[in-house]
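Everything on this sheet refers to the single structure shown next.
Nothing in this text is a laboratory measurement; each read-out follows from the coordinates by a stated rule. Note that this is a predicted model, so its numbers are computed, not measured. For neighbour counting, all protein chains shown are included, and Cβ atoms are generated from backbone atoms with ideal geometry for every residue, glycine included.
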Amino acid sequence: MTPVITIDGPVASGKGTVARHVAEALGFHLLDSGAIYRAHALACLDRNIEFNEINVLEEQARALSLKFVGSQVWVDGRDATALVRSEAVGMAASTLSAIPEVRAALLQRQRDFAQAPGLVADGRDMGTVVFTDAALKIYLTTTAEVRAARRVGQVAAQRQRDAADSQAKQLIAKGNSANIASSPESLEQDVDPELARSVEAQIRQRDAQDKTRAVAPLRPAPDAIVIDNAAHRPEQTVDAVLALWALRQLR
Ligand code: DC
């Protein structure tokens, strides 16, 4: 049987980063199951499908045209990586993923990722529903405050990159490329408290939706090892997961 490691946890718990590094270290395949739900949500939003049209939502889940190209996510034949990562699509995915018919329609697509030499799967129900026989189950957790601070940092960093990018484009347009400031420090800004509050509110709302839904709610599998990811740097969490995996091989 293909070895599977599941890494579940709430939004911005760091599970994606940990899963990616563990998969790289072991040479395993990687499944970002959230990206599948996000791709489905994007396809439904694009088609203006009403969120109460269960049959159409289910049909769209079965017909979903989705391809992972390295770290890119392609939906309906176009690179939708940035779009699927937006908070609006994440929230829509959270709402649509509470519909049992949608989950059922996307189940086999996720299981198909379990191929030799192994799989690291991250999401909400990898250990409780999709890969119940997984050899190692991890549940990452941290408080909503810590996760919000992290997400705000990511948003601020993205804004810096966008600002640097647009500054570079303007200078290139003016034929002034020698003056492009490559130092991101020059663009550094304090984290906007308003942004921090709204991100934390979004995280709490998505947590509540994901944890209270009737089907496949977010919770640790009974046989999952729970790691508080706020207490360590990401590389320490990765090392801990790899050490646990090595121990499993000795059994
Ligand atoms: O992990 P993420 O933020 O990319 O996931 C987006 C939404 O998709 C999440 O709020 C709930 C849903 N989801 C799910 O229901 N089950 C999964 N295994 C992964 C994600």
State, as an integer percentage, the relative contact order of the chain based on alpha-carbon contacts under 8 Å between residues 6 or more apart. 32
Treating the beta-carbon of each Lys and Arg as +1 and of each Asp and Glu as -1, no other charges, what is the dipole magnitude of the chain about its Cα centre, to the nearest 20 debye? 280
Once the Cα atoms of helix 33-46 and of the chain are each reduced to a long axis, what angle between those two axes, in degrees from 0 to 90 to the nearest 10, is obtained? 60
Around Ile225, which amide H atoms from residues at least 5 apart in sequence, or from another chain, sit under 5 Å from its own amide H, with H modelled in the peptide plane? Lys137, Ile138, Tyr139
Global geometry of region 31-156, whether rounded, prolate or oblate, following the gyration tensor of its Cα atoms and the 1.5 cut on a/c: rounded
Before rounding to the nearest 500, sum -39500 (n - 2.57) across all DSSP H runs of length at least 4 in the chain and divide by the residue total; then give [θ] at 222 nm in deg cm²/dmol. -16500 deg cm²/dmol
Long-range amide H contacts for Val120: which residues qualify at under 5 Å (H placed 1.01 Å from N, peptide plane, sequence gap of 5 or more or a different chain)? Ile5, His29, Leu30, Leu31
Restricted to pairs 8 or more residues apart or on different chains, the lysines in the chain with C-alpha atoms under 22 Å apart form a number of pairs equal to 4
Net length gained if the chain between Phe51 and Arg159 were fully extended (0.36 nm per residue, minus Cα distance): 35.8 nm
I need to check one value: relative contact order of region 1-71, counting alpha carbon pairs closer than 8 Å and at least 6 residues apart, in percent. 20
Between Arg251 and Arg62, what's the calculated FRET efficiency when r is the beta-carbon distance and R0 is 30 Å? Round to 0.05. 0.20
Name the most mobile residue of Asp32, Asp79, Asp162, meaning the one with the largest mean-square fluctuation, in a Gaussian network model of the chain with Cα contacts below 10 Å. Asp162
Over the chain, what per residue volume does the convex hull of the Cα atoms give, in whole Å³? 156
